[in-house]
Amino acid sequence: MKVCFAVEENDGMESTVYNHFGSAPEFVVVDTELKKTVTIKNRDIQHAHGACNPVAAIGGHQIDAVIVGGIGAGALMKLNEEGIRVFRSVANTIKDNLVLLTEKKLPEMTVRQTCGGHQGKCGH
């Protein structure tokens, strides 16, 4: 499984999961089978609010899931349309969230839990 984490900076498995997908400077993709990571610069960071293109943001890399602190409804729906599941980060680090994911203890996000804006309306 390839799991994508939104991060502010890459500190490997100790990276802190970022609080918003669209404005994350980088993504760390962990291949849980091969035990390898790849870092991707957010290629869509300058998008207008509400116009995030998550597939462009991750540079077209094939992933199975995203773990993030928060995400907008449009980005969530676009990822889901591509068959990508989105989970809310519960722990601080990539490593700890991966453990929770394998234990099926991370909540899968729905449109009701997404960000409504950046003027105090985000649910994260």
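The values are calculated or read from the model by the stated rules, or taken from the named source; none is laboratory data. Just so it is clear, the model here is predicted, and its values are computed rather than measured. Because the Cβ atoms are built from the backbone with ideal geometry, glycine has one as well, and the counts that use them run over all protein chains shown. Please note that ligands, DNA and RNA were not included when accessible areas were found on the heavy atoms of the full protein model with its side chains. Shrake-Rupley method; radii C 1.70, N 1.55, O 1.52, S 1.80 Å.
Do we find a residue being part of a loop (DSSP other than H, G, I, E, B), under 16 Å from E26 (Cβ atoms), at pLDDT below 90 and open to solvent by 80 Å² or more (accessible area, probe 1.4 Å) anywhere in the range 42-58? Don't jump to the end; show me each part of the working.
Here is the first cut: in the range 42-58, the ones part of a loop (DSSP other than H, G, I, E, B) are 42-53, 58.
Next cut, under 16 Å from E26 (Cβ atoms) only: 42-47, 52, 58.
Narrowing the set further to residues that are at pLDDT below 90 leaves 42-47, 52, 58.
From what is left, the residues that are open to solvent by 80 Å² or more (accessible area, probe 1.4 Å) are 43, 46.
Checking the range 42-58: at least one residue is part of a loop (DSSP other than H, G, I, E, B), under 16 Å from E26 (Cβ atoms), at pLDDT below 90 and open to solvent by 80 Å² or more (accessible area, probe 1.4 Å).
Annotation: of all residues in the range 66-83 being open to solvent by 10 Å² or more (accessible area, probe 1.4 Å) and part of a loop (DSSP other than H, G, I, E, B), the one that is modelled with the highest pLDDT is G83. Restricting the range 17-40 to residues that are under 20 Å from G70 (Cβ atoms), free of Cβ contacts under 8 Å to residues at least 40 places away in the same chain and not β-branched (V, I, T), the residue that is least open to solvent (accessible area, probe 1.4 Å) is F27.
Of the residues that sit in the range 97-119 and are assigned to a helix (DSSP H, G or I) and farther than 21 Å from S15 by Cβ, which one is modelled with the lowest pLDDT?
Narrowing the range 97-119 to residues assigned to a helix (DSSP H, G or I): 97-102, 111-113.
From what is left, the residues that are farther than 21 Å from S15 by Cβ are 111-113.
Numbers: V111: 80, R112: 72, Q113: 63.
Among them, the one singled out is Q113.
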